[in-house]
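Each remark here refers to the structure printed beneath this line.
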Amino acid sequence: MKLATLKNGARDGRLVVVSKDLTKCTDAARIVPTLQAALDDWADCAPRLQQLADQVEIGSVPTFRFHEHDCESPLPRAYQWADGSAYINHVELVRKARGAEVPESFYDDPLMYQGGSDAFLGPRDDIPLADVAWGCDMEGEIAVITDDVPAGVSEKDAAGHIKLVLLCNDVSLRGLIPGELAKGFGFFQSKPPSAFSPVAVTPDELGTAWKDSLVHLPLRIDYNGKPFGRAEAGQDATFSLARLVSHAAKTRPLSAGTVIGSGTVSNKGEDGGPGKPVSEGGRGYSCIAEIRMIQQLLKNAPETPFMSPGDVVRIEMLDGEGHSIFGAIEQKVTSA
């Protein structure tokens, strides 16, 4: 099934069940008012929401037009948001950009930080930027939402706690990251609010594209109307999303509604080296930092600037028939 949260003036929005083709929806209030409430009692709510989704498809319940512009992120705020490092190629590139080595442990022990989850941006909300010198960057990711996860859960069992899948734009302020990391306490100011796709889907909606707790489809990033990234989310992943959930729960339980991100989706080139831009026949990039690093390696200087007011990023994923699965994140940078 596909679930979305519409803006209604309340902090946690209004939960709706969305048709498979994203054209119509129905109110879920007679079952549960918000997505967080559904996750808190998933075992009871999920079958009833699925029944409602089936009724939407056959037209046996009242529906109304679904507009992605009316959506909050599926969870407008969450009890927890932790972002991992499934794609080590991305970590290698961005660390090179700031002259840092990748420790060997990163290849068998995921990198993860805990981000701010109290106020996510909606999928069509502007990205406010107070200072262009902060180096605003998009980061296209896959994310999952869990139910209650026990501490010490194995990777195998963690897969069963993944209840919803969605897309993420994990906005980063690259100019602030080095100074923060130098303090030894990690990201804070350099990670403003993230945004998530209009729709979150249960893994079964992905069919054969959901395998080994990864989504085996290209993540489409368009930047200012031009193809920027087409990275295959099922390739070059050092860790599965279930492994990241297990990592997050190593020493503590995760509450229902925890959101775990994959980190920036990133592919190596065909020769095993840095990938090429889409314009040159490659799969491109899911963030600006990667292409800047490659330009630094090849041309001794980055050429692509970070985002400025007026720039627009669009993040989407299509199924095998070319239909949008999650709807699109489409955001413009504006002066704060």
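Here are some notes:
- Calculated FRET efficiency, Q296 to D126, Cβ-Cβ distance, R0 = 22 Å: about 0.15 to the nearest 0.05.
- Taking the stretch 1-112 and dividing mean pair separation by its residue count, relative contact order in percent (alpha carbons under 8 Å, at least six apart): 26 percent
- Shape summary of the chain, radius of gyration then Dmax from alpha carbon positions: 19.1, 62 Å.
- Taking the centroid of alpha carbons for each part, the stretch 113-130 and the stretch 187-204 are 8 Å apart.
- Relative contact order of the stretch 2-66, defined on C-alpha pairs under 8 angstrom at six or more residues apart (%): 32 percent
- Ellipticity estimate at 222 nm from DSSP helix runs (n ≥ 4, -39,500 (n - 2.57)) divided over the chain, nearest 500: -5500 deg cm²/dmol
- Label zone (Q114, point 7 Å along Cα-to-C-beta; backbone nitrogen cut-off 19 Å) within the stretch 254-269: 254-263.
- The stretch 41-134 shape via C-alpha gyration tensor axes, a/c threshold 1.5: prolate
- Efficiency of FRET between R65 and T334 - r from beta-carbon atoms, R0 35 angstrom, step 0.05: 0.80
- Sequence ranges 51-64, 5-18, ranked by mean other-Cβ count within 10 angstrom, highest first: 5-18, 51-64
- Peptides 160-168, 77-85, ordered by how many other C-beta atoms sit within 10 Å of their residues on average, highest first, read 160-168, 77-85.
- Proximal charge balance of Q235 [Cβ under 14 Å; K/R count +1, D/E count -1]: 0
- DSSP beta bridge pairing in the stretch 81-335, given as percent antiparallel to the nearest 5: 85 percent
- Interatomic Cα distance distribution for the stretch 32-191, bins of 5 angstrom, percent: 1, 6, 12, 18, 17, 15, 12, 8, 5, 3, 1, 0
- Over the chain, relative contact order from alpha-carbon pairs under 8 Å, at least 6 apart, %: 22 percent
- Where labels lie 7 Å past Cα in the beta-carbon direction, separation of L318 and A29 in nm: 3.7 nm
- Across K24/K268; K226/K268; K276/K332, pairs whose alpha-carbon gap is larger than 29 Å: K24/K268
- With all protein chains modelled, accessible area of F306 [1.4 Å, Å²]: 40 Å²
- Estimated at 0.36 nm per residue, the fully extended path between K226 and D41 surpasses their Cα-Cα distance by 62.4 nm.
- Shown is the FRET efficiency for K20 and A133, computed with R0 = 45 Å from the Cβ-Cβ distance and rounded to the nearest 0.05: 0.55.
- Net charge dipole, the chain: roughly 460 debye, given to the nearest 20, about the Cα centre with Cβ charges of +1 for Lys and Arg and -1 for Asp and Glu.
The values are calculated or read from the model by the stated rules, or taken from the named source; none is laboratory data. Only a predicted model underlies this, so the values are computations on that prediction, with no experimental measurement involved. Backbone-built Cβ (ideal geometry, glycine too); neighbour counts: all protein chains shown. In case anyone asks, the SASA skips ligands and DNA or RNA and just uses the protein heavy atoms, side chains included. Shrake-Rupley method; radii C 1.70, N 1.55, O 1.52, S 1.80 Å.
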